[in-house]
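Taking it in order: structure first as structure tokens, then the write-up.
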Amino acid sequence: MFKKIFIVFIACIWLKSSYAQSVLNEEFFQKEIPAEQVFLHLNSSLLFSGEKLLYKFYAVNAETQMLSSLSKVGWVLLVNSDKEVVFKHQLNLKQGQSYSDFFIPSDLKSGGYKILAYTSWMLNAENNYFQQDIHILNPYQKDNEGIIVKDIPVSSSGELKKEGIADLGLNSNKNLYSTREKVILNFENKTDVFANLSVSVRRIDSFNKPKLLSSTNFNNLYKAIKWETPKDLIFPEIRGVLIKGKVSSQDNLEFKSKEIIISFPGEESQVNIVSIDSKNEFSFIINNNLRTNELLLQLKDYFQNDYKIELLPTPQPDLSFLDFSKPVIQTGLKDYIIEKSTNNQIENAYAAIKSDRTFFPEPEGYFFNQELLKYNLDDYTRFSSIIETFVEVIEFGRVKKKADGSYNIMVRNKNANGEFTLPALLIVDGVVVQDHDKLISFEAERIKTIGLLRSKYFFGPAVYEGVVVVETKEGDFPQVFKEDFMEATNIITAQNTKKYYNPNYGNEDLIRIPDYRYQLLWEPSFNLAKKDKEVSFYTSDMMGDFEIIVEGFTGKGKPVSLKKVFKVAE
């Protein structure tokens with residue numbers, strides 16, 4: 001697999017030329033670069049307003065069904081019956097896996113929806129993506145044209161069958177539980193199988209709803225897929241999200257600048273300079289989790305506001321092929337709908353107490369961080385101006401006044417073979433600042449640290465004589481540094497990982513807190529490693545039949561799909 005990923009990397013570089021694209025033919029892509037398939041494990045195919053759609057994303061090698069290590073980015077769309085995208089999630093994949101959720105808001109209409117999942121590499125084949133029908137019921141809207149109400153018998157939950165491999169078994173410590181009682185699930189690992197799994201425990205209802213695909217049958221979606229090398233090849237995202245853009249001028253004039261500066265305020269690790277090609281197009285890769293979705297773009301050494309920079313849409317499936325059917329709701333379920341809607345409102349009223357724990361990305365520094373000579377200004381006597389601060393504190397930096405009265409920030413070369421004569425690259429809170437006068441006029445009191453890189457810096461196609469890195473106390477790139485020629489836009493950022501709420505009635509004092517959870521457990525990252533393993537959770541105040549569904553894949557690519565039912569009663 002590592003050999004194939006290396007081949008992909010070389011191919012992506014090689015394909016920059018039209019000649020190479022003709023050399024690397026269909027046979028090469030089919031044989032050397034593995035095709036991928038995606039499976040989504042969903043918590044339900046019917047959701048009410050106020051509930052969460054929970055999903056686990058699995059990308060697998062289409063041939064071996066083992067988890068894929070090719071793509072590092074996955075995409076998930078929810079599409080309504082008008083073929084409009086309700087949400088588009090970007091996922092950072094680790095060994096082909098990730099997970100996230102979507103809270104169903106009260107302004108989302110009742111009706112039939114589809115959830116799609118794919119990697120960019122899959123889109124080189126037509127209609128090559130995972131799709132699952134989803135029904136959404138919004139009882140708060142007066143107009144529910146998106147559903148059909150019929151007086152038909154209420155269906156039963158039906159018989160649940162155990163699927164998957166015989167090497168794994170699923171047992172619970174009991175079959176009948178009381179409310180707020182601990183449930184212990186035991187995974188019997190008979191042959192020391194390693195498996196990546198996701199576990200959902202949810203109350204069973206009697207709605208007519210789409211049948212959820214499982215890890216044992218999802219690949220039926222891909223049986224008719226035929227790989228054909230497209231004219232415009234979509235590269236696999238093997239390092240991160242590939243962003244493409246285009247620069248245009250008001251008068252279609254040729255740009256003097258052929259380089260574009262990429263910055264994300266507050267994100268030190270993402271600053272970049274890339275070349276603009278003969279078609280005035282550019283591309284770059286986001287390879288880390290971002291804490292902001294604001295992107296600032298500017299042409300290098302060009303300060304006129306007479307150009308436009310736009311990002312091109314990321315590839316996604318052709319939605320015109322999708323077909324939808326309206327959900328059919330039984331009239332006999334009216335009381336149940338009212339009860340569940342009320343319970344959902346109560347649960348959401350206690351959301352602050354029952355919140356999921358979100359893990360935000362840790363800040364990553366500049367890749368030259370270890371070479372930075374940093375000055376924490378609070379460790380020195382504070383001076384009112386930036387010029388005084390450089391003279392008195394920043395020993396190896398200096399401010400040079402030019403003939404026109406403007407200033408350049410300079411760095412003293414750490415090598416003894418000559419003084420730097422050109423301005424340093426100035427970065428403030430992760431954003432390149434080309435007008436050094438902006439820093440000179442900034443209040444020194446608002447600066448936390450100043451760092452110096454005292455060597456030549458090769459930054460994409462550009463070369464600088466040193467770097468000056470400024471971190472303000474706010475750390476958010478103050479408005480005074482922003483220029484009219486900077487183009488600001490928002491991008492989709494990767495979903496953050498979470499630890500989903502799972503109360504512990506054995507240790508927590510929750511007796512006064514109502515518990516109307518229909519989803520008792522959602523564990524998207526459950527790894528079974530060569531021995532039996534337990535997972536536990538507590539029942540809620542809701543009674544009835546509950547369904548345990550386990551989905552996933554073993555290390556050898558065998559699908560796992562286990563189901564079990566238990567009852568909660570007084």
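Looking only at residues that are open to solvent by 30 Å² or more (accessible area, probe 1.4 Å) and outside any strand (DSSP E or B) in region 515-530, which one is farthest from Ser44 (Cα to Cα)?
So, considering only residues that are open to solvent by 30 Å² or more (accessible area, probe 1.4 Å) and outside any strand (DSSP E or B), the one farthest from Ser44 (Cα to Cα) is Lys530.
Within region 531-567, take every residue that is within 26 Å of the chain's Cα centre (by Cα) and not in a strand (DSSP E or B) and give me the one that is farthest from Ser206 (Cα to Cα).
Top of the filtered list is Gly555.
So which strands (runs of 3 or more DSSP E) stay within region 255-362 end to end and still have 1 or more residues that are hydrophobic (A, V, I, L, M, F, W, C), in contact with a strand residue (DSSP E or B) (Cβ under 9 Å, 6 or more places away or on another chain) and under 23 Å from Val73 (Cα atoms)? Talk me through it step by step, then tell me what you get.
Details: elements: 259-263, 272-275, 281-286, 294-299, 307-311, 328-330, 357-359.
In region 255-362, the matching strands (runs of 3 or more DSSP E) lie at 259-263, 272-275, 281-286, 294-299, 307-311, 357-359.
Listed residues Val469, Val411; which is closer than 20 Å to Leu297 by Cα, of a type in the set (A, V, I, L, M) and touching a strand residue (DSSP E or B) at 6+ places or on another chain (Cβ under 6 Å)? Show your work before the answer.
Numbers: Val411 fails: closer than 20 Å to Leu297 by Cα.
Only one candidate passes the filter, namely Val469.
Applying the selection to region 130-169, what residues are within 23 Å of Leu197 (Cβ to Cβ), modelled with pLDDT of 90 or more and open to solvent by less than 50 Å² (accessible area, probe 1.4 Å)?
Of everything in region 130-169, those that are within 23 Å of Leu197 (Cβ to Cβ), modelled with pLDDT of 90 or more and open to solvent by less than 50 Å² (accessible area, probe 1.4 Å) turn out to be Phe130, Gln132, Ile134.
I'd like the full set of residues that are open to solvent by 10 Å² or more (accessible area, probe 1.4 Å) and among the aromatic types (Phe, Trp, Tyr), limited to region 531-569.
Tyr538
Over 30 Å from Ile136 (Cα atoms), in a strand (DSSP E or B), open to solvent by 30 Å² or more (accessible area, probe 1.4 Å) and not charged (D, E, K, R) - does that describe any residue in region 381-397?
Taking every residue of region 381-397 in turn, none turns out to be over 30 Å from Ile136 (Cα atoms), in a strand (DSSP E or B), open to solvent by 30 Å² or more (accessible area, probe 1.4 Å) and not charged (D, E, K, R).
If Ser275 satisfies all but one of (1) crowded, with 16+ Cβ neighbours inside 10 Å; (2) in contact with a Gly (Cβ under 8 Å, 6 or more places away or on another chain), what's the number of the condition it fails?
Unmet condition: (1).
May I ask you to say which residue of Asp301, Asp306 is in contact (Cβ under 8 Å) with a residue 24 or more places away in the chain, of a type in the set (Asp, Glu) and on the phi > 0 side of the Ramachandran plot?
Values: Asp306 fails: on the phi > 0 side of the Ramachandran plot.
The match here is Asp301.
Any chance region 115-122 includes a residue that's in contact (Cβ under 8 Å) with a residue 24 or more places away in the chain, surrounded by fewer than 20 Cβ atoms within 10 Å (Cβ to Cβ) and either under 20 Å from the mean Cα position of the chain (by Cα) or farther than 15 Å from Asn80 by Cα (or both)?
No, every residue in region 115-122 fails to be in contact (Cβ under 8 Å) with a residue 24 or more places away in the chain, surrounded by fewer than 20 Cβ atoms within 10 Å (Cβ to Cβ) and either under 20 Å from the mean Cα position of the chain (by Cα) or farther than 15 Å from Asn80 by Cα (or both).
Please tell me if Lys401 is basic (Lys, Arg), modelled with pLDDT of 95 or more, within 32 Å of the chain's Cα centre (by Cα) and loosely packed, with under 15 Cβ neighbours inside 10 Å.
The answer is no for Lys401.
Anything in region 341-380 that is surrounded by fewer than 11 Cβ atoms within 10 Å (Cβ to Cβ), charged (D, E, K, R) and farther than 20 Å from Val431 by Cα? List them, or say none.
Once the filter is applied, which keeps residues that are surrounded by fewer than 11 Cβ atoms within 10 Å (Cβ to Cβ), charged (D, E, K, R) and farther than 20 Å from Val431 by Cα, region 341-380 yields Arg357, Asp378, Asp379.
Given Ile447, Ile387, Ile346, which one is within 39 Å of the chain's Cα centre (by Cα), modelled with pLDDT of 95 or more and more than 30 Å from Leu521 (Cα to Cα)?
One residue alone meets the criteria, Ile447.
I need the full set of residues from region 209-254 which are touching a residue at least 12 places away in the same chain (Cβ under 8 Å), assigned to a loop (DSSP other than H, G, I, E, B), basic (Lys, Arg) and surrounded by fewer than 18 Cβ atoms within 10 Å (Cβ to Cβ), in order please.
Lys211, Lys226, Arg239
Can you tell me how many residues in region 472-489 are in contact with a strand residue (DSSP E or B) (Cβ under 6 Å, 6 or more places away or on another chain) and open to solvent by 20 Å² or more (accessible area, probe 1.4 Å)?
Of the residues in that region, 5 qualify.
Tell me which of these Asp277 doesn't satisfy, since it passes every other one: (1) over 27 Å from the mean Cα position of the chain (by Cα); (2) of a type in the set (Asp, Glu); (3) farther than 24 Å from Asn124 by Cβ.
Single failed check for Asp277: (3).
Report yes if some residue within region 447-455 is assigned to a strand (DSSP E or B), closer than 25 Å to Gly365 by Cα, open to solvent by 10 Å² or more (accessible area, probe 1.4 Å) and free of Cβ contacts under 8 Å to residues at least 40 places away in the same chain; otherwise report no.
Looking through region 447-455, none of the residues is assigned to a strand (DSSP E or B), closer than 25 Å to Gly365 by Cα, open to solvent by 10 Å² or more (accessible area, probe 1.4 Å) and free of Cβ contacts under 8 Å to residues at least 40 places away in the same chain.
Please find, within region 494-513, the residue that is nearest to the chain's Cα centre (by Cα) out of those that are basic (Lys, Arg) and open to solvent by 60 Å² or more (accessible area, probe 1.4 Å).
Ranking the candidates gives Lys499 first.
Taking the condition of being part of a loop (DSSP other than H, G, I, E, B) and either in contact (Cβ under 8 Å) with a residue 40 or more places away in the chain or surrounded by 21 or more Cβ atoms within 10 Å (Cβ to Cβ) (or both), how many residues in region 84-97 meet it?
Residues that pass the stated criteria total 3.
Give the residues of region 36-83 that are open to solvent by 10 Å² or more (accessible area, probe 1.4 Å) and touching a Pro at 6+ places or on another chain (Cβ under 6 Å), sorted by residue number.
Asn61
The values are calculated or read from the model by the stated rules, or taken from the named source; none is laboratory data. Just so you know, these numbers come straight off a predicted model, no measurement behind them. When we count neighbours, we look across all protein chains shown, and the Cβ atoms used for this are built from the backbone with ideal geometry, even at glycine. In case anyone asks, the SASA skips ligands and DNA or RNA and just uses the protein heavy atoms, side chains included. Shrake-Rupley method; radii C 1.70, N 1.55, O 1.52, S 1.80 Å.
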